[in-house]
Structures are given as C-alpha cells and as structure tokens.
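Quick notes on the structure that follows.
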Amino acid sequence: MQAEIRELFAEYPDVLYGFADTAYSQYADSYPSALVFAVPHGVLLTPKTYAEEGFEGGIRASKARLEQIVARVEALLQSRGVRYWLPPVSQDSEQTLLAPFSFKYAAVRAGLGWIGKNDVVITWRYGPRVRLSALLIDARLDCGTPILESGCPEDCRRCVDACPCNALKDRRWTIDARRADIIDYHRCNRMRSAFIERLGRKNACGLCMVACPFGMPNDTHAGG
C-alpha cells in the first residue's frame, strides 16, 4: 500500500510528501503512521509584490489542488480496506488556537522541513510557501527521519522584522521547543481577527512567509 501511495505522488513531482511515526501524538494507538504532504503555492510573492488578496488567492488555489490529491489518497486507502482519518485543519477554539492534530509537527517528523522563526514549516525547496495536509493511517509504515533543529541562520531576522504586530520572538526552533517560545500566537490571532468584519475572514497576513529567503530564486541564506 505504501508503494502505491508513492506511485500516486510520482504523478505530482512538485509536491513534497513523507511518512511520519505518530508515537508522539494522542492518536498513536489508533493510527500509528501519518502521510503528510506539502503543495507549493502557485505564485512566489515577495515583500515588494505582496498583496493580501494575491496571497489569499494563492492559498485558495493550493487548497483546491491539495483537496484533489487527498481525494485520490482516500480512494486508494478505501479500495485497500485501510482505516484512516483526515484530521481537520481548523482550530478547536479561539482560546487554545490548537487543531486536533498538528500538520506542522507531522511534516517535521516526516523530514519535510523544520519550523522557522515565523512558526511555520520551512522546506529547502519552497521555503514556507506550501500548504500542508495529513492523513492518519492505521498501518505501520516506513517513516522518514525527523528533523530535530532549525535550518534558519541564527542571525536571520527577515520574518521577525516583517511581522506587522511584533509577534515573533526571534527564537530558533528545536524539536523540544514550544509554540509560545517562537510566537505570541494570541497577539497574531488578534491582529488577523480584526479584519473579519471588513474581509469576512481573518487576514491571511503572509508577510512573515514572503519575507523568508528559503525557496526563493537566488536566495542568499546561509547554508542554502
């Protein structure tokens, strides 16, 4: 079954994917493995070309493509009688701002990337310009090697300086870091929520993502 999943993703050479051991999560007994994948944004925005509408449009486009891939994976698993669960991406509450299952940490444990100073997954190929999804699978699969520490240079502050509400703490991530070590996520959420009345949704606010040099042509980050 894992080989068939790999064959499916071979049809999407630009999509990053991997398998993670879920032993760290509350779902490990029911779903010991996770398939996690990252669909790249279609447009490479920069701080100079950034516009809220353009960023939100790119998110929606990658979401539509992601949903097509998820549907194909679900059909494959169903045809093989494999039990699985597609966790919701949305948060449980505005108080905790936590989703039932973290796609970010599944991506880290699958070896797709690390968590940047902007509190999002950074990949070598695309930087943070990806949309994540994950399916929890009731099977023990061959999993990737977890990434344990940040690939961000210590002195890089591009995302930190780009944050309009000063929510980022300029801290490099490690596997033991907590979200609150990296970001004041309640402050970030308050700023984004202030746009609900005008936009009908939270502000997408991708400035900390478009500022990241990883994944951009001719980037100049250390070690890239």
Considering every residue within the stretch 19-36, establish whether at least one is open to solvent by 30 Å² or more (accessible area, probe 1.4 Å) and among the hydrophobic types (A, V, I, L, M, F, W, C).
yes
Which condition breaks for Met209 when tested against (1) under 30 Å from Leu76 (Cβ atoms); (2) part of a helix (DSSP H, G or I)?
(1)
Being assigned to a loop (DSSP other than H, G, I, E, B) and in contact with a strand residue (DSSP E or B) (Cβ under 9 Å, 6 or more places away or on another chain) is the filter here, so list the residues in the stretch 100-116 that pass it.
Phe101, Ser102, Gly111, Leu112, Gly113, Gly116
Of the listed residues (Gly42, Gly58, Gly54), the one being part of a loop (DSSP other than H, G, I, E, B) and modelled with pLDDT under 90 is Gly42
In the stretch 123-140, which residues are closer than 29 Å to Leu76 by Cα, within 11 Å of the chain's Cα centre (by Cα) and not in a loop (DSSP other than H, G, I, E, B)?
Thr123, Val130, Arg131, Leu132, Ser133, Ala134
Phe37 fails exactly one of the following numbered conditions: (1) over 20 Å from the mean Cα position of the chain (by Cα); (2) part of a strand (DSSP E or B). What is the number of that condition?
(1)
List the residue pairs whose Cβ atoms are under 7 Å apart, where the first residue sits in the stretch 19-43 and is more than 14 Å from Arg140 (Cβ to Cβ) and without any contact (Cβ under 8 Å) to a residue 24 or more places away in the chain, the second is outside any loop (DSSP other than H, G, I, E, B) and open to solvent by less than 30 Å² (accessible area, probe 1.4 Å), and the two are 6 or more positions apart or on different chains.
Gly42/Gly58; Gly42/Ser62; Val43/Gly58
Every listed condition ((1) outside any loop (DSSP other than H, G, I, E, B); (2) at pLDDT below 95; (3) not aromatic (Phe, Trp, Tyr)) holds for Glu154 save (1)
Of all residues in the stretch 128-150, which are open to solvent by less than 20 Å² (accessible area, probe 1.4 Å) and over 23 Å from Val70 (Cβ atoms)?
Ser150
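The values are calculated or read from the model by the stated rules, or taken from the named source; none is laboratory data. From a predicted model like this one, the values you see are computed outputs, not experimental measurements. We place every Cβ from the backbone using ideal geometry, glycine too, and count neighbours over all the protein chains shown. Accessible surface areas use protein heavy atoms only, side chains included; no ligands, DNA or RNA. Shrake-Rupley method; radii C 1.70, N 1.55, O 1.52, S 1.80 Å.
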